[in-house]
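Before any comments, here is the structure.
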Amino acid sequence: LPALFKQELQNTEAEEGGTATLSCELTKPNAPVEWRKGDTTLYPGLKYEMKQQGSTAELLIYDLELDDS
């Protein structure tokens with residue numbers, strides 16, 4: 001069976017120049033997660049950090065700009 005979200009994703013507000021943390025809880029622990037913005041796949045680097053522990057996955061977005069919304 002595919003991994004599903006345990007609950008709906010929530011909007012997050014943050015200040016320009018700050019850091020936003022987006023998270024989701026999955027029905028399967030350690031399921032592969034791909035973070036996207038529209039059609040663009042996001043990769044770890046100076047702007048993005050991805051973390052996953054068990055069934056929880058997080059995306060941290062640093063140095064927020066209006067284009068990150």
### Task
May I ask you to list pairs of residues, at least six apart or on different chains, whose Cβ atoms are under 8 Å apart, with the first in the range 2-21 being in contact (Cβ under 8 Å) with a residue 40 or more places away in the chain and open to solvent by 90 Å² or more (accessible area, probe 1.4 Å) and the second being of a type in the set (Ser, Thr, Tyr) and part of a loop (DSSP other than H, G, I, E, B)?
Lys6/Thr27; Lys6/Ser55
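Please tell me if Glu25 is exposed (fewer than 10 other Cβ atoms within 10 Å of the Cβ) and either acidic (Asp, Glu) or not in a strand (DSSP E or B) (or both).
Working: exposed (fewer than 10 other Cβ atoms within 10 Å of the Cβ): no; either acidic (Asp, Glu) or not in a strand (DSSP E or B) (or both): yes.
Criteria not met by Glu25.
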### Query
Does the range 16-45 hold any residues that are within 24 Å of Leu66 (Cβ to Cβ) and β-branched (Val, Ile, Thr), and which are they?
Thr19, Thr21, Thr40, Thr41
### Query
Taking the range 28-48 as the search range and keeping residues that are farther than 11 Å from Leu59 by Cβ and among the hydrophobic types (A, V, I, L, M, F, W, C), which one is most open to solvent (accessible area, probe 1.4 Å)?
Leu46
### Message
For Lys51, only one of the following conditions fails: (1) assigned to a strand (DSSP E or B); (2) open to solvent by 80 Å² or more (accessible area, probe 1.4 Å); (3) more than 21 Å from Pro2 (Cα to Cα). What is its number?
### Response
(3)
## Note on the structure
Over the range 54-69, the set of residues more than 29 Å from Pro29 (Cβ to Cβ) and open to solvent by less than 30 Å² (accessible area, probe 1.4 Å) is Leu64
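The values are calculated or read from the model by the stated rules, or taken from the named source; none is laboratory data. Treat the numbers as computed from the prediction; the structure is a model and nothing was measured. Cβ sites come from the backbone with ideal geometry, for glycine too, and all protein chains shown count toward neighbours. These area figures cover heavy atoms from the full protein model, side chains too; ligands, DNA and RNA do not enter into them. Shrake-Rupley method; radii C 1.70, N 1.55, O 1.52, S 1.80 Å.
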